[in-house]
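Visitor: Got a structure for you, written out below as structure tokens; questions coming shortly.
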Number of protein chains: 4
Amino acid sequence: VTAPVRVAVVGLGYWGPNIVRNFYELDEAELVFVVDRDAGARERVQRRFPSVRGAESLEMVLEDETVDAVAIATPVSTHFELASAALQAGKHVFVEKPLAASSSEAEALAAIATERGVVLMPGHTFLYSPPVIKIKELIDDGEIGDILFVTSSRVNLGLHQSDVSVVWDLGPHDFSILRYLLGELPATVSAMSRSCVLPDIPDVAFINMTFPSDTIAQVQLSWLAPSKLRRTAIVGTRKMIVYDDTATEPIRVFDSGADLPDPESFGEFRLTYRTGDIVSPRIEATEPLSLELAEFCTAITDGTPLRSSLAVGLDVVRTIEAVEESLRANGEPTRLVAPAGSRRPEA
Amino acid sequence: VTAPVRVAVVGLGYWGPNIVRNFYELDEAELVFVVDRDAGARERVQRRFPSVRGAESLEMVLEDETVDAVAIATPVSTHFELASAALQAGKHVFVEKPLAASSSEAEALAAIATERGVVLMPGHTFLYSPPVIKIKELIDDGEIGDILFVTSSRVNLGLHQSDVSVVWDLGPHDFSILRYLLGELPATVSAMSRSCVLPDIPDVAFINMTFPSDTIAQVQLSWLAPSKLRRTAIVGTRKMIVYDDTATEPIRVFDSGADLPDPESFGEFRLTYRTGDIVSPRIEATEPLSLELAEFCTAITDGTPLRSSLAVGLDVVRTIEAVEESLRANGEPTRLVAPAGSRRPEA
Amino acid sequence: VTAPVRVAVVGLGYWGPNIVRNFYELDEAELVFVVDRDAGARERVQRRFPSVRGAESLEMVLEDETVDAVAIATPVSTHFELASAALQAGKHVFVEKPLAASSSEAEALAAIATERGVVLMPGHTFLYSPPVIKIKELIDDGEIGDILFVTSSRVNLGLHQSDVSVVWDLGPHDFSILRYLLGELPATVSAMSRSCVLPDIPDVAFINMTFPSDTIAQVQLSWLAPSKLRRTAIVGTRKMIVYDDTATEPIRVFDSGADLPDPESFGEFRLTYRTGDIVSPRIEATEPLSLELAEFCTAITDGTPLRSSLAVGLDVVRTIEAVEESLRANGEPTRLVAPAGSRRPEA
Amino acid sequence: VTAPVRVAVVGLGYWGPNIVRNFYELDEAELVFVVDRDAGARERVQRRFPSVRGAESLEMVLEDETVDAVAIATPVSTHFELASAALQAGKHVFVEKPLAASSSEAEALAAIATERGVVLMPGHTFLYSPPVIKIKELIDDGEIGDILFVTSSRVNLGLHQSDVSVVWDLGPHDFSILRYLLGELPATVSAMSRSCVLPDIPDVAFINMTFPSDTIAQVQLSWLAPSKLRRTAIVGTRKMIVYDDTATEPIRVFDSGADLPDPESFGEFRLTYRTGDIVSPRIEATEPLSLELAEFCTAITDGTPLRSSLAVGLDVVRTIEAVEESLRANGEPTRLVAPAGSRRPEA
């Protein structure tokens, strides 16, 4: 058996404690350090997990040669500095989504990781949620056919962020899911937004996307909404899926579609519509974060590939950037090009 | 008492017979002619309404001086020719939505109507549906506050049209409702579509819109969908509305929002979220088409203003045209400008 | 080909015109007479179906030897007199549910029909509704296993009857469906009711039932309810079904249950719960009344057995009677015994 | 300020730890002891709440004069012995529902509490859930009118108990809610059940109830069900309520009903149906157990009356007993009589 990966968690704000708890419970990991400037935050964690050491800053952790990996759960503006320091010190690094505050930062981190031969993993937790995994299976098995279009609504009342827009806050969920399901970077994005409550902090955004495969997508993000919606519809040539993350039955598969018999023989089109059974497949209740952090560990020990891969993380940052560019240009479509020499999209 | 308006109905396809039945039952109207090239279609109507005369073409009807008004329910490509002939003959004209196949055609019809001093009414029936009327009341009463944004999904499986796109088929519903509720022409539209089933017939379209008042809107139209959706969310500064035309309770009013207390006093923002009662107001069950045609009659006899006014009809055609232009330009936003001398939007 | 069955329809109130229309459209039938005391009701029907003759009373129809069958859609208190006259005259008879106002009346009708060798069919239309047919198939195929219990709610606001209770009005639906799905007469019923609005007209009733097979059932009937419910849950040893007659997906099949492994080996019980896929099978949209009346015709011409058989009709009346008896006895359970020599329940 | 009530919690199984946590967090209480035979269970609690002392049995706690009150969360079969010992020792006692395993036990406990002048409180937590409190307010304010009938479904898949039936397990919820909302003991109950999975452990029960005020009720309880239902409908003469404990909007108030104008003037009835607005009142998210335990403390210190009063606890046990008696008598209705000298129902 492999020795567990010795991990330090940096940032004990809203999300960090969840990472701490999951690493603590994982057989593949040994939680050795929690890092936060706030002594109170460290103490709250240490009271629950007394074996864990606290540190005020990342430096002391990086000097500790027994630490294999660092997980970063700090505000996105600090990701680059912290992650690059950890990578330079030869540590494997897990960074909460989004990977960095710009694609140039994200690419620089990727370059350091490659150079140092360590794992750099962005934390797109949704890729480990059982419904998303099930949808990916259905697509890969050919059940859905080619994906014609996707629409997604991710809206609720609150919580407004004061430093980033709804695009940086909620967008990574949809952009990573689309990237994972379609396996490609968008070709173009065009977007519209409004800052309804706080000045210059867009809290509603409408985003249209095209993909190289001809799939198109529409994403609606908002912190202002009458009721919580987490609804993604995926329309394929064979079947259609509705994924509602708030429902008891998160996935419903519709055996529905329009069929065009050989148009040659009729001189003109004759469409038939298929509406067959609807199936809600059984979805296991597993904590996605636990699966995600376990995969980080096995990527370190065995080199197993990551669902939430570096390529996904880079593409999500590129997508956000393109959305922001379109917003600045009043909705002009922005063209995305994966940089030369970048990993192939399907990686 | 005023004498009833003597009406001829042209076009007995899918929708025409509904117009026939409603005129027949209205006290304000007397149905005198049904016009269709297809003798079988005329006979089916006349069997049910034996007092009505049939005519093969519009000409003979226009020569009859006792005919006051003509209602046109033919394909949109024929609207201009039929409506202009009727208007030139001094008849009042009701035209099923959309008013014409282009804004130049629509404006030409408007000019003839003005010149001849007759009523020209586009048939935007949704403006007479009790839920839409109720929403308009709530907005006009200030219940909702300023409208921050609107999102609308109008999707179902089928029916593909072979001659027009989903934008011409389903778009007029949303565009007329938005025009009615907001009282203004969009400032810009940008759109994306795909022809999933029939070549060159877009069957899914994603449309983003800005308005002079800063309201933004997102509209999703599709003939391919896992299940029928008719859901419009209207988010205002005071309350929010969800309008679901397929639900037993078509309107739900949410006393929800985000409130920003005086930011001066705190140095930084402090948001509070309000989530109060949700009310489903009682909505009467009335046939919108009956209300609409009655209003056409009273506009003729009394000059009462129309909910589905000519200004609405013109703006809907302008909006569709702008969407089509954006589609041709791969999603470039199209700017809409109401022509000089046009009626003010609120007309 | 067989000659169509020549039918007279008696009673042109609320439901009769639907029977008229369906017979008119059926190839297997020829509608020859409509019978009603009200000349206006006859005229309204004859205007739509000009070939049909009108009659003021049943007598004249019974004298007409070319009439093969009579369909009776009058108030239940008149069923016995009309049906027995028609049967005595050698006509095949269809009677709207419930078959008669008492089991002695119903049995007397059955005896006449047997003696005269004609078909007597009660009109339990729900047995021809596609969801009920589908559920019966699932049960017969063994998909559901043994049926442990059934619960049913059939409630809405209105319409109060002034002559019969909610048990006579709504009860036949549930009692016939249970009789059809389970294939047996209840062993006992106990019931509770209240006359909330009109004196001595129970408008809410709660009915508990046991069956010889050990299945138990609970039925809730009401004309007073916050919202319309038509929900039947069928819990079997293998799967469970929810049948909601008001839903877009009327049937949902749950692959759920509790499994008890061999208790011997453990000394004590260990239950496991199964929650698998949920399937909404595609249900065809067919008018049940049309299927029902067609079956009446083929029963006459070919002797094909009836889904809504005489045995079902007799058992439904027996069940209502037992419910009424329990109500009179303040909820005492009433035992049902199929009379000696009666058809076997599964007939 | 009053000194906090010094409490011992007995029983650290499924529910006990919730009581522990809530007492720990309450200002009105000081948690001093946890009692359980299982050392491991005590340790798990003490690790989280280090200031709490552990005890293997209740005796040592009762000897401690600084302990004011005991909360019992053990199996129902042990309630009488533990509670009577605590009451005899002069302690105030909170007992998880149901109060005792029989009404004679429950009455004996009540007698001791009265004699010793201490508080005895049954833990009917649902009476502290915000939706139930809101419904009670609506009823007390006269919004609903007289309550005509109530129907309740409380079903889900699992968890089967091995020692008590579904009536003892789920019944106390509905029986206490009905007792609280109606303020009266049932007059009669009749019940039917089946042991579907484990022998002699009924896992589905159908219960009909009458009340002295003429209200009737139907309760459905089951551990076997296709999907979780927690739905109670309350039909009043003025309005109707649907309470769904699993929904985002737990209460919906329907301004619906049937109105009978003066029947004298018409000679016969003429009903009109009212269907007005539907309102989902805002419900606060508060933990009911915390409110309940706080009330236990203030009842001790200030003598404030209890929502979950001793009278409610006694009546719930009487109701369960009557249901069991009806089950043994194959559904015969059982008459309930509050013993002479008992507190008035509204207490």
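Visitor: Residue by residue through segment C:194-206, which ³J(HN,Hα) values in whole Hz follow from phi under the Karplus form 6.51 cos²θ - 1.76 cosθ + 1.60 (θ = phi - 60°), with glycine and proline marked x?
Guide: Each residue's phi maps through the Karplus curve to give 8, 9, 7, 10, 9, x, 6, 10, x, 10, 9, 9, 10 Hz.
Visitor: Tell me which residues come under 5 Å, amide H to amide H, from B:Val93 once H is placed; ignore anything under 5 positions away on its chain.
Guide: For B:Val93, whose amide H was placed from the backbone, the distant partners under 5 Å are B:Val70, B:Val119, B:Leu120, B:Met121.
Visitor: Another question, if that's okay. Search the structure for amide H atoms under 5 Å from the amide H of C:Ala187, placed 1.01 Å from N in the peptide plane, and list their residues when 5 or more places away or on another chain.
Guide: Distant-sequence amide H within range of C:Ala187: C:Thr210, C:Phe211.
Visitor: Which value results when the Cα radius of gyration for segment A:1-125 is divided by 2.2 N^0.38 Å?
Guide: 0.98
Visitor: Contact order normalised by length for segment B:215-326, with contacts defined as Cα pairs under 8 Å and 6 or more residues apart; what percent is it? Please list the in-between numbers first.
Guide: On the way: 105 pairs, mean separation 15.8, N = 112.
14 percent.
Visitor: Okay, next question. Hey, what number do you get for chain D at 222 nm if only DSSP H runs of n ≥ 4 count, each worth -39500 (n - 2.57), divided across all residues, to the nearest 500?
Guide: Value at 222 nm, helices only, nearest 500: -10000 deg cm²/dmol.
Visitor: Relative contact order for chain D: what is it in percent, counting Cα pairs under 8 Å that are at least 6 residues apart?
Guide: Working: 717 pairs, mean separation 63.5, N = 347.
With pairs under 8 Å counted, the relative contact order is 18 percent.
Visitor: Give me the percent relative contact order of segment C:1-160, please, defined on Cα pairs under 8 angstrom at least 6 residues apart.
Guide: On the way: 227 pairs, mean separation 27.3, N = 160.
17 percent.
Visitor: Additional query: Pull out a ≥ b ≥ c, the square roots of the eigenvalues of the alpha-carbon gyration tensor of the protein assembly as shown, then state rounded if a/c is under 1.5, prolate if not and a/b is larger than b/c, and oblate in the remaining case.
Guide: Working: a/c = 1.85, a/b = 1.09, b/c = 1.70.
Oblate is the answer for the protein assembly as shown, as a/c is 1.5 or above yet b/c matches or exceeds a/b.
Visitor: Next question, about the same structure. Starting from the residue with the highest accessible area, list B:Arg47, A:Arg270, D:Arg252 in decreasing order, probe 1.4 Å. The partial results should precede the final answer.
Guide: On the way: B:Arg47 175, A:Arg270 140, D:Arg252 40 Å².
From most accessible down to least: B:Arg47, A:Arg270, D:Arg252.
Visitor: Now, a different point. Roughly how big is the protein assembly as shown's charge dipole about its Cα centre, with Cβ charges of +1 (Lys, Arg) and -1 (Asp, Glu), in debye to the nearest 20?
Guide: Numbers: 124 positive and 200 negative charges, 1 e Å.
So the magnitude is around 0 debye.
Visitor: I want to verify a result. In a Gaussian network model of chain C, Cα cutoff 10 Å, which of these has the top mean-square fluctuation: C:Gly145, C:Gly276, C:Gly313?
Guide: Highest fluctuation among the options: C:Gly276.
Visitor: Over the residues of segment C:51-179, compute the C-alpha Rg and express it relative to 2.2 N^0.38 Å.
Guide: Numbers: Rg = 17.6 Å, N = 129, 2.2 N^0.38 = 13.9 Å.
Dividing the Cα Rg of segment C:51-179 by 2.2 N^0.38 Å gives 1.26.
Visitor: Could you give me the radius of gyration and the Dmax of chain B, taking only the C-alpha atoms into account and expressing both in angstrom?
Guide: Rg then Dmax for chain B, in Å: 21.5, 77.
Visitor: Tell me, what is the 1.4 Å probe accessible area of A:Thr246, in Å² to the nearest 10?
Guide: 70
Visitor: Give me, ordered by chain and number, the residues 5 or more places off C:Ser280 or on other chains with an amide H under 5 Å from its own placed amide H.
Guide: Correct list: A:Ile278, A:Val279, A:Ser280, C:Val253.
Visitor: Compute the label-point distances linking D:Arg53 to its equivalents in the other copies; points lie 7 Å from Cα along Cα→Cβ; give nm, one decimal, shortest first.
Guide: In nanometres, ordered from closest: 4.0, 10.2, 10.7.
Visitor: At 1.4 Å probe size, with every protein chain present, just tell me what the per residue accessible area of chain A comes to in Å².
Guide: 41
Visitor: Within the P(r) computed for segment B:30-96, what percentage of the Cα pairs occupies the region above 21 Å?
Guide: On the way: 441 of 2211 pairs.
In whole percent, the share of Cα-Cα pairs in segment B:30-96 beyond 21 Å is 20.
Visitor: Let me ask another. Once you order the gyration tensor axes a ≥ b ≥ c over the Cα atoms, which shape class does segment B:185-296 get: rounded for a/c under 1.5, otherwise prolate or oblate by comparing a/b with b/c? The partial results should precede the final answer.
Guide: Numbers: a/c = 2.12, a/b = 1.38, b/c = 1.53.
The shape class here is oblate.
Visitor: How shielded is D:273-282 by partner chains, expressed as the average number of their Cβ atoms within 10 Å of its Cβ atoms?
Guide: Working: counts 7, 2, 6, 3, 7, 10, 6, 7, 4, 7.
The mean count of partner-chain Cβ atoms within 10 Å per residue comes to 6.
Visitor: Here's a follow-up. At 24 Å minimum axial length over the Cα atoms and a Kyte-Doolittle cut of 1.6, report the qualifying DSSP H helices in chain B, or say none.
Guide: On the way: long enough: B:310-328 (27 Å, 0.60).
Membrane-span-like by this rule: not one helix.
Visitor: In C, who owns the beta-carbon nearest the axis carrying C over to B, and how many Å from it?
Guide: Closest Cβ to the C-to-B rotation axis, residue and whole-Å distance: C:Arg48, 4.
Visitor: May I ask you to report, in nm to one decimal and beginning with the shortest, the distances from D:Thr304 to the same position in the other copies, taking label points 7 Å along Cα-to-Cβ?
Guide: 5.5, 5.8, 7.2
Visitor: Kirkwood hydrodynamic radius, computed over distinct alpha-carbon pairs, for segment C:71-134: how many Å, to one decimal? List each step's numbers first, then the result.
Guide: Values: mean 1/r = 0.0837 Å⁻¹.
11.9 Å is the Kirkwood radius here.
Visitor: Keeping every protein chain in place, order A:Glu325, B:Glu96, D:Glu65 by accessible area at 1.4 Å, biggest value first, i.e. largest first.
Guide: Values: A:Glu325 95, B:Glu96 20, D:Glu65 165 Å².
Largest to smallest exposure gives the sequence D:Glu65, A:Glu325, B:Glu96.
Visitor: Please report the net charge: other residues with Cβ closer than 14 Å to the Cβ of D:Ser84, K and R +1, D and E -1.
Guide: Working: positive: D:Lys91, D:Arg116; negative: D:Glu59, D:Glu81, D:Glu105, D:Glu107, D:Glu115.
For residues surrounding D:Ser84, the net value is -3.
Visitor: In nm to one decimal, list the spacings between the D:Ala338 label point and its equivalents in the other copies, with label points set 7 Å along Cα to Cβ, shortest first.
Guide: 4.9, 7.0, 7.6
Visitor: So how much accessible area does C:Trp15 have, in Å² to the nearest 10, using a 1.4 Å probe?
Guide: Approximately 80 Å² of C:Trp15 is accessible to the 1.4 Å probe.
Visitor: Taking each residue in B:245-258, count the Cβ atoms of any other chain within 10 Å of its Cβ, then average. What number comes out?
Guide: Values: counts 0, 1, 0, 4, 4, 0, 0, 5, 3, 5, 2, 6, 5, 10.
For this peptide, the per-residue mean of nearby foreign Cβ atoms is 3.
Visitor: So, one more: Just reorder D:Cys297, B:Cys196 by solvent-accessible area, largest first, 1.4 Å probe, all chains present.
Guide: Working: D:Cys297 0, B:Cys196 30 Å².
Accessible-area ranking of D:Cys297, B:Cys196, largest first: B:Cys196, D:Cys297.
The values are calculated or read from the model by the stated rules, or taken from the named source; none is laboratory data. Treat the numbers as computed from the prediction; the structure is a model and nothing was measured. Ideal geometry is used to build each Cβ from the backbone, glycine not excepted, and the neighbour counts take in all protein chains shown. Surface areas here come from the heavy atoms of the whole protein model, side chains and all, with no ligands, DNA or RNA. Shrake-Rupley method; radii C 1.70, N 1.55, O 1.52, S 1.80 Å.
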